[in-house]
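Just below is one structure, and these are the notes that go with it.
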Amino acid sequence: MGWLLVAILALTLIWSRLNAVDRLTWWLESMWVIAGLPLGVAVARTRGVTTLLLVLLSVHAIVLLVGARYTYEFVPLGEWVQAWSGSSRNDFDRFGHFLQGFVPSLIARELLRRTSALADGRWLAGLCVACALAFSAIFEMIEWGASVALGASADAYLGSQGDPWDAQWDMLCALAGALLSITLLSRWHESQVRALMARRC
């Protein structure tokens with residue numbers, strides 16, 4: 001399954017680059033996938049990664065690449081939802097930030113379960129949500145830094161669409177994603193982590 005996901009991501013990366021709306025935004029958004037894909041392959045081959053996490057990482061990467069191709073303000077799916085709901089903005093980026101909590105909380109969970117003495121339970125759940133929120137806050141600082149350094153040319157990357165509370169909404173979406181992920185998937189993830197740890201012994 002791992003190589004199938006790599007192939008899908010490689011093809012999505014190529015599709016995303018072709019006719020990208022804004023070249024700078026494409027690089028800023030897709031650099032996470034470009035850097036993360038070989039790293040993910042290396043970790044999966046040497047240390048192993050649960051299937052659940054591999055699939056979720058791939059879904060998150062595809063969302064990033066879709067946003068990179070169109071810029072989040074102009075993603076067609078988001079425009080359709082915007083027209084249907086009467087919203088004043090394209091909320092595809094909100095979905096991206098929801099995933100920014102949903103997926104990293106499980107990354108943190110897998111790392112903590114496999115490299116620390118923390119057992120499955122409330123402390124682990126709380127730390128995973130906190131890690132996802134920390135990642136979200138760091139990402140907001142990166143967006144702010146890019147905006148300061150690059151000026152108006154980074155507006156599409158910032159993706160605020162005129163909303164002065166965009167950063168706070170983004171972090172709230174990440175919090176909702178992290179809480180939902182840990183609440184719904186911890187038991188399933190735990191069974192895969194235990195199976196993986198047993199195979200690696």
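Computed from the coordinates by the stated procedures, all read-outs in this text should not be read as laboratory data. What you see is a predicted model, and the numbers here were worked out from it, not measured in a lab. Every residue, glycine among them, receives a Cβ derived from its backbone with ideal geometry; neighbour counts consider all protein chains shown.
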TODO: Using a cut-off of 10 Å between beta-carbons, work out the net charge of the residues near residue 166 (Lys and Arg +1, Asp and Glu -1, residue 166 not included).
DONE: -3
Task: Ratio Rg/Rh [Cα only; Rh per Kirkwood] for region 97-201 - done: 1.11
Task: Given charges at beta-carbon only (K, R positive; D, E negative), |dipole| of the chain in Debye - done: 1200 debye
Open item on the list: Given a Förster distance of 30 Å, report the FRET efficiency between residue 35 and residue 118 from their Cβ-Cβ distance, rounded to the nearest 0.05.
Closed with: 0.65
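Scaled to the compact-protein estimate 2.2 N^0.38 Å, what is the alpha-carbon radius of gyration of region 2-200, rounded to two decimal places?
Dividing the Cα Rg of region 2-200 by 2.2 N^0.38 Å gives 1.05.
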- [ ] Count the net charge of all other residues whose Cβ sits under 10 Å from the Cβ of residue 140, scoring Lys and Arg as +1 and Asp and Glu as -1.
- [x] -3
- [ ] Using a 10 angstrom cutoff on alpha carbons, build the Gaussian network for the chain and name the most mobile of 130, 44, 61.
- [x] 44
Task: In region 62-120, GluC sites (Glu not before Pro) in a DSSP loop with at most 10 other beta-carbon atoms within 10 Å - done: none
- [ ] Per DSSP H run of n ≥ 4, the term is -39500 (n - 2.57); total these for the chain, divide by its residue number, and report the mean residue ellipticity at 222 nm rounded to 500 deg cm²/dmol.
- [x] -28000 deg cm²/dmol
TODO: Just the number, please: Stokes-Einstein D of region 41-142 in µm²/s, Kirkwood Rh from C-alpha pairs, 20 °C, 1.002 mPa s.
DONE: 140 µm²/s
- [ ] Net charge near residue 45: determine it from the other residues with C-beta under 15 Å of the C-beta of residue 45, scoring Lys and Arg +1 and Asp and Glu -1.
- [x] +3
Open item on the list: Helix 51-70 against the longest principal axis of the chain: what's the angle in degrees, Cα atoms only, rounded to the nearest 10?
Closed with: 10 degrees
TODO: Extending each Cα 7 Å along its Cβ direction at residue 59 and residue 161, get the distance between those two points in nm, one decimal.
DONE: 2.1 nm
